1. Check A:S206, A:S216, A:S176, A:S194 and return the single one that is polar (S, T, N, Q), over 28 Å from A:A29 (Cβ atoms), surrounded by fewer than 19 Cβ atoms within 10 Å (Cβ to Cβ) and in the same structural domain as A:L315 (by TED's automatic domain parsing).
2. Go through (1) farther than 30 Å from A:F545 by Cα; (2) assigned to a helix (DSSP H, G or I); (3) near RNA strand B (Cβ under 9 Å from one of its atoms) one by one and return the number of the condition A:Q359 breaks.
3. Quick one: A:E140 ticks every box in (1) surrounded by fewer than 20 Cβ atoms within 10 Å (Cβ to Cβ); (2) over 28 Å from A:M322 (Cβ atoms); (3) charged (D, E, K, R) bar one, so which box is it?
4. Do you know which residues across segment A:474-484 are small (G, A, S) and either assigned to a helix (DSSP H, G or I) or crowded, with 16+ Cβ neighbours inside 10 Å (or both)?
5. Could we say that A:D238 is assigned by TED's automatic domain parsing to the domain that holds A:G112 and more than 26 Å from A:T7 (Cα to Cα) here?
6. Determine whether segment A:399-414 contains at least one residue that is among the aliphatic types (A, V, I, L, M), over 22 Å from A:R34 (Cβ atoms), touching a residue at least 24 places away in the same chain (Cβ under 8 Å) and away from RNA strand B (no atom under 12 Å from the Cβ).
7. Can you name every one of the helices (runs of 4 or more DSSP H) wholly within segment A:188-287 that holds 1 or more residues which are out of contact with any helix residue (DSSP H, G or I) (no Cβ under 8 Å at 6 or more places or on another chain) and away from RNA strand B (no atom under 16 Å from the Cβ)?
8. Looking at segment A:456-473, can you tell me whether even one residue there is touching a Pro at 6+ places or on another chain (Cβ under 6 Å), aliphatic (A, V, I, L, M) and surrounded by 19 or more Cβ atoms within 10 Å (Cβ to Cβ)?
Amino acid sequence: MTRTLITSALPYINGIKHLGNLVGSQLPADLYARYRRARGDEVMFVCATDEHGTPAELAAARAGQAVADYCAQMHEVQADLARRFGLSFDHFGRSSSPQNHRLTQHLAARLGAAGLIEVVEEEQVYSPADGRFLPDRYIEGTCPNCGYDKARGDQCEECTKQLEPTALIAPRSAISGATDLEVRKTRHLFLRQSALRDRLRDWITSKSDWPVLTTSIALKWLDDGDGLRDRGITRDLDWGIPAQFEGAPWEGMEGKVFYVWFDAPIEYISATAEWAEANGMSEKDWKRWWKTGEGAENVRYVQFMGKDNVPFHTLSFPATLMGSGEDWKLVDYIKSFNYLNYDGGQFSTSQGRGVFMDQALEILPADYWRWWLLSHAPENSDSEFTWENFQQSVNKDLADVLGNFVSRVTKFCRSRFGEEVPEGGENGPAEAALIAALAERLRAYEAHMDAIEIRKAASELRAIWVLGNEYLQEAAPWAAFKQDPARAAAIIRLALNLIRLYAVLSAPFIPEAAGRMLAAMQSADDSWPADVEAALQALAPGHGFRVPELLFAKISDEQREEWQQRFAGGRDA
RNA sequence: GGGCCUGUAGCUCAGUUGGUUAGAGCGGAGCGCUCAUAACGCUUUGGUCGCAGGUUCGAGUCCUGCCGGGCCUACCA
């Protein structure tokens, strides 16, 4: 049996994610996970909240909560939204878990023992008023280049010039506004990625099937300037995984924690360990996914992420695993995404611009969003959400093409034959042509899903739905019924079976609606069709069914305008 | 500044290693059907493939330059 390991980039803990975040990793990862399961793979699909770092501490402070409490609460909020969006994680973990503490410290110790970690002393800006060192971004001041008074310590957004925080005129803390900033010396652990440069390059260049977006970013980092730079993997923060621990091959790291980007990807592994523990399983059960000496050698590992995550997944995380000298499974395929824009601008968490996961579900069920987002996934370039486009796609694809097909078939049968699959008649040339067309499109659909070409897969699925309407038009059971009821029975028997088949094929995209279609057909057979003709005989004459409730409601112009208005002004408006 | 991606019908996008009259869906127009969520089907209308050069028997596809959009540039995550 094929075994597929799937991870989605970890959503950061500080708030509810917007639709751009969703379509950039978790949603396509779920699509693929559902598809691989349907094809019979043994699948391990893990995700988690990414809980460490400065923004989490600040968000907790704003909420007036202890960081640990804030994270615990936000984890539940995100887990609940994930469930309601149908994200079928085998486990949704937390990067703050004890498992991740243990594994992160273990890997760090291994890297230290291998001589891949060194202690570096550097100077950083410290804010006594805030009681913390400030990352460059959290220092504001006047740009020495253009005079913009809200330039950040890493870059001036006005003139785009890159800056050193010490170059700012009249620097102040972006957190408190305090101006009594001082430069202090501090010591940190650095991961000597540069020592692994050749191994990383060999590994990356061996991945000839990766998307350009993925490899070009990785190679840029490997070759830019003096080549891959070493990277600080500790921070002066309270909340995180302690960098000083028993068995650590270094000293003087008391009060420091690992950098969030060091421990976050390790959580992919730890989340699998959490899964095993939560299900009363043993270490062996999760290691067979991650240790090539313990079963993972025949696992195919696919990662999903936005393009901003690529350097960490192609370089620093592999460097961590390679450098440990242990037999950790490295990723086989990285699917990366561009950004989804919102109505002429960017989605923005900080400005509350766009539609957020909780708001989306207040308006419409998950499948509406899943379909639009996946069929417009920003695979090759940034794409844009507009309410007009959303309304048009949902109404045409889901309500008219698929929903109406289910409706016309079931209602016609109920009124002419009653609520069971009619018997009599037999397949003719029209049915043979339909089956041939379906078989061909199914092959194309599978090929696109196998290649994780999401938009192409979506358009192929839609074309499969359209085949049903074309067939009905040509076979015209309403006309046949008058002269030859047996002929009409054969047509409608096939059409009812088509509904079941569509449920199976559509489930990765629209799982909830697919479930209702299957339930209406009163069938538990959701097996992927090996043979189209056979699959279209699953519902035998006499098998009962129900006319389902409206599968997809159309979005009215009034609704569209109302939502457009409601989301025009930002989250709190 | 540097690197990468991108610019194809009104809109959203396909276009394999350069190869006959550039494709799809939506939208527009017309016709048909009447089972159905005024849904469905058929036909049809849309393009100097960002601009200018070049290579070639042949360029949407390769090269150069320019213009526009986007991302990244290592302490946000």
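1. On the way: A:S206 fails: over 28 Å from A:A29 (Cβ atoms); A:S216 fails: over 28 Å from A:A29 (Cβ atoms); A:S176 fails: in the same structural domain as A:L315 (by TED's automatic domain parsing).
Among A:S206, A:S216, A:S176, A:S194, only A:S194 is polar (S, T, N, Q), over 28 Å from A:A29 (Cβ atoms), surrounded by fewer than 19 Cβ atoms within 10 Å (Cβ to Cβ) and in the same structural domain as A:L315 (by TED's automatic domain parsing).
2. (3)
3. It is condition (1) that A:E140 fails.
4. To start, the set of residues in segment A:474-484 that are small (G, A, S) comprises A:475-476, A:479-480.
Scanning segment A:474-484 gives A:A475, A:A479, A:A480.
5. Working: assigned by TED's automatic domain parsing to the domain that holds A:G112: yes; more than 26 Å from A:T7 (Cα to Cα): yes.
Answer is yes for this residue.
6. Restricting attention to segment A:399-414, the residues satisfying the condition of being among the aliphatic types (A, V, I, L, M) are A:399, A:401-402, A:406, A:409.
When the remaining residues are screened for being over 22 Å from A:R34 (Cβ atoms), the result is A:399, A:409.
With the extra rule that they be touching a residue at least 24 places away in the same chain (Cβ under 8 Å), the set shrinks to A:399, A:409.
Narrowing further to those that are away from RNA strand B (no atom under 12 Å from the Cβ): none.
No - not one qualifying residue is present in segment A:399-414.
7. Details: elements: A:197-205, A:212-223, A:260-278.
Per the criteria, A:197-205, A:260-278.
8. To start, the set of residues in segment A:456-473 that are touching a Pro at 6+ places or on another chain (Cβ under 6 Å) comprises none.
There is no residue in segment A:456-473 that is touching a Pro at 6+ places or on another chain (Cβ under 6 Å), aliphatic (A, V, I, L, M) and surrounded by 19 or more Cβ atoms within 10 Å (Cβ to Cβ).
The values are calculated or read from the model by the stated rules, or taken from the named source; none is laboratory data. Quick caveat: nothing in here was measured; it's all calculated off a predicted structure. Backbone-built Cβ (ideal geometry, glycine too); neighbour counts: all protein chains shown.
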